[in-house]
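Structure record follows, encoded as structure tokens.
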Amino acid sequence: MRLLIVGTLEGQLITASKIAMDGGAAVVHADTVDDMLKTLRSGRGADLVMADVDLDIGDLIARLEGERIHVPVVACGVKTDATAAVNAIRAGAKEYIPLPPDPEMIAAVLAAVARERSSIIYRDNAMAAVVRLAEQIAGSDASILVTGESGSGKEVISRFVHARSNRADKPFISINCAAIPEHLLESELFGHEKGAFTGAVARRIGKFEEASGGTLLLDEISEMDVRLQAKLLRAIQERVIDRVGGSKPVAVDIRIIATSNRDLAEAVRVGTFREDLLYRLNVVNLKLPPLRERPGDILELAGHFVERYAQENGVPKRPISDEARAMLVANPWPGNVRELENTMHRAVLLATGDAIDVDAIRMPDGSPIAAGQGADARVAASAAATAEAVSRAFVGRTVADVERDLILDTLDHCLGNRTHAAKILGISIRTLRNKLNQYADEGLDVPAPGEARVAVA
């Protein structure tokens, strides 16, 4: 965690920085907004900016956006009136921290930033398989291609991988290749020297150098011009980059994660994406299923967003009514997790009763959501309900009870065939026989080979 503190309240901010350092954060100081931008341009990035509320917070955030630097801002100050806090948050600050700083509040803010950037919420088996693969390959330096529809959580899973990698204490830098004009993207990636082109008034460090030692996320890489892809390929292969207008190569040490919502194999076929670059990036493919294909996650995510936005907006956390839950799992969610998040944020603000009801589940213009109809919606609702029921069925039971039922149900499924059951369960035949002997000694009905247990009404 890297913290950049901006302002002239030296004594108070030094105290804040000491608290942050005690919490494991690396702290850099800048007296002015210009100094802050120089620090960020130099490649010394930040995970959080803590700014003096007496600065123009709106201007600070606007200048960050103008430089295409994306970092959360928290305002702080000695003022005790609520106006300063409200104005700072309206200007775009994530939070307001009164000074002198409370160690617990500083720790909570840092923890919230870290958690927001690396946490992942799931329950459905389809997503669980992706998370298991992500955990398996997190410790390597292999390049990763994350694919999936817009809003399905590609950046979230990328941050999840970084947080569990050997580079977790180094920078995680993200750049959206689709959001930056083609003629500026090269400079954003590789940096430039002073005078390299009109408007290059100073040297600027690019994302490759800023991410050195850590992870660079190339978001929506399919939108990158094919001519720039050649330079990117060399940077990945040789681990060196050339700044625009530079005279010598610069060594970098990074892990590359790329994302795309398009079929890159098809892009290769039509000539808009380099085949050699695809092979270099696609060492491991994390393919995120759309939300409609992991219905077990819908209610889990909805509950998470309700809790989060109730806390952020200072309103009571309300449960989701049964009718609203049914509507949520029946909806096809073409915008995936991002659409669900925005919907639940609105629901938190619109709910008026003791629970979030169907009346609060609305479109941005206030119209009711048209829940999915037909077989697909019924299947989604059924799958989500089953996932929740299975999860709830485990609560209050011992591991031994769950294990026993799993073994006996699997043996039923295999009509008493011990060998097949052991393979499905992932245990040795000897272990299975020992368990079955134990259950028989306890007086339980253990099916013989070729038989299944008889259900008793």
If I ask for residues that are in a helix (DSSP H, G or I), within 18 Å of Leu37 (Cβ to Cβ) and open to solvent by 70 Å² or more (accessible area, probe 1.4 Å), which ones from region 58-98 would you list? Arg63, Glu65
If Glu293 satisfies all but one of (1) open to solvent by less than 70 Å² (accessible area, probe 1.4 Å); (2) touching a residue at least 12 places away in the same chain (Cβ under 8 Å), what's the number of the condition it fails? (1)
Filter result (part of a loop (DSSP other than H, G, I, E, B) and of a type in the set (A, V, I, L, M)) within region 220-264: Met224, Val252, Ile254
Conditions (1) at pLDDT 90 or above; (2) among the acidic types (Asp, Glu); (3) within 18 Å of the chain's Cα centre (by Cα): number failed by Asp141: (3)
Restrict the check to region 184-207 and report whether at least one residue is open to solvent by less than 60 Å² (accessible area, probe 1.4 Å), without any contact (Cβ under 8 Å) to a residue 12 or more places away in the chain, part of a loop (DSSP other than H, G, I, E, B) and not β-branched (Val, Ile, Thr). no
Could you check region 315-336 and list, in sequence order, the residues that are closer than 16 Å to Ala355 by Cα and either open to solvent by 50 Å² or more (accessible area, probe 1.4 Å) or not in a helix (DSSP H, G or I) (or both)? Val315, Pro316, Lys317, Arg318, Pro319, Ile320, Ser321, Asp322, Glu323, Arg325, Ala326
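Matching residues to (1) of a type in the set (D, E, K, R); (2) at pLDDT 85 or above:
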site	(1), (2)
Thr8	no, no
Leu37	no, yes
Arg41	yes, no
Ala51	no, yes
Ile57	no, yes
Gly66	no, no
Ile69	no, no
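The values are calculated or read from the model by the stated rules, or taken from the named source; none is laboratory data. Here the structure is a predicted model, which means the values were calculated and not measured. Counting neighbours? That spans all protein chains shown, and the Cβs are built from the backbone with ideal geometry, glycine included. Please note that ligands, DNA and RNA were not included when accessible areas were found on the heavy atoms of the full protein model with its side chains. Shrake-Rupley method; radii C 1.70, N 1.55, O 1.52, S 1.80 Å.
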